[in-house]
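Read the figures in this text as sums done on the coordinates, not as results from a lab. Worth saying up front: this structure is predicted, and the values here are computed from it rather than measured. Don't worry about glycine lacking a Cβ; one is built from the backbone with ideal geometry, like all the others, and counts go over all protein chains shown.
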Amino acid sequence: MAEPIRWLALGYSVPVNPSKNRVYIWRKLKEYGAEYFKQGVAILPYNRQSYTKLKHLQAKILEMGGEASIVEMKFLDPKDEREMVSRFRKQALEELSQLKEDCAQVLEQLRRGEQAFTEDQSEQVKRMIRRYSKARSRNHFGLSTAQDVEKGLYAIISVARQASAELSGQLVKAMDKAIK
């Protein structure tokens, strides 16, 4: 039987007002890729990064006048643990699958020559890289889809590099003609 996973749980409550505090907590937990075990109890797989993030959030909650505790936990029933792992994987898969689709779409446009590698395209790819970085940090159980996204981003970078080299060559030829 597989070794049980160690989990960190943040149990918290914050004052109802101002509501921006609850929104802040929710957004941070979403950013970390946490899942809710029960209302007011969010969990993450136990590792140093998760502990650091939850410890920081605990301090913020206390500053807001709320209550917060971090505990280590483990599921006694393997079925419950599998269900929780499944929730984490589903969350990561949705995010990574969307990124994979976006990479394929951009790559196809570039390869068909429908779109030159413009400044807008460059900004779009930069946003995709930032999204990937965040998605990767939330991929707590190492879905291989992350590798597919990474390959797609590197393929886009390769096409951009080639387009840049071609443009550079054209500019050199134009300069050579201009100075003859």
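The residues packed around Leu96, meaning those with a beta-carbon under 13 Å from its beta-carbon, carry a net charge of +2 if Lys and Arg are +1 and Asp and Glu are -1.
Rounded to the nearest 20, the size of the Cβ-charge dipole of the chain about its Cα centre is 340 debye, with Lys and Arg at +1 and Asp and Glu at -1. Here the sum of -39500 (n - 2.57) over DSSP H runs of 4 or more residues, divided by the residues of the chain, equals -23500 deg cm²/dmol at 222 nm, to the nearest 500. If you fit an axis through the alpha-carbon atoms of helix 48-63 and take the longest principal axis of the Cα set of the chain, what angle between them do you get, 0 to 90°, nearest 10? Taking Cα atoms only, the helix is inclined about 70 degrees. For the chain, the percent of C-alpha pairs falling in each 5 Å distance bin, counted from 0 to the bin holding the largest distance, reads 1, 7, 13, 14, 12, 11, 10, 8, 7, 5, 4, 2, 2, 1, 1, 0, 0. Of Arg127, Arg112, Arg87, the residue with the greatest mean-square motion in the GNM of the chain, using alpha carbon springs below 10 Å, is Arg112. Within the shell of other residues whose beta carbon sits under 15 angstrom from the beta carbon of Arg130, the net charge comes to +1, with Lys and Arg scored +1 and Asp and Glu -1.
Legend: P(r) of the stretch 89-179 from all alpha carbon pair distances, 10 Å bins from 0, whole percents, reading 16, 40, 24, 12, 5, 2, 0. Springs between Cα atoms under 10 Å define the GNM used for the chain, and in it the highest mean-square fluctuation of Ala165, Ala92, Ala68 occurs at Ala165. By how many degrees, 0 to 90 and rounded to 10, does the Cα axis of helix 145-179 deviate from the longest principal axis of the chain? Tilt relative to the chain: about 30 degrees. Compared with the dominant principal axis of the Cα atoms in the chain, helix 119-138 is inclined by about 30°.
When you restrict to C-alpha pairs under 8 Å that are six or more residues apart and normalise by the size of the chain, the relative contact order lands at 24 percent.
Note on the stretch 7-74: percent of Cα-Cα distances in each 10 Å bin, starting at 0 and stopping at the bin with the largest distance, equals 23, 60, 16, 1. Of the residues Leu96, Leu44, Leu110, the one that moves most in a GNM of the chain with alpha-carbon contacts below 10 Å is Leu110.
From a point 7 Å beyond the Cα of Asp176 in the direction of its Cβ, which residues of the stretch 87-127 have a backbone N at a distance under 15 Å? Of the residues in the stretch 87-127, none has backbone N under 15 Å from the label point off Asp176.
Maximal additional length on extending the Glu72-Ser133 stretch stands at 19.3 nm, based on 0.36 nm per residue less the C-alpha distance.
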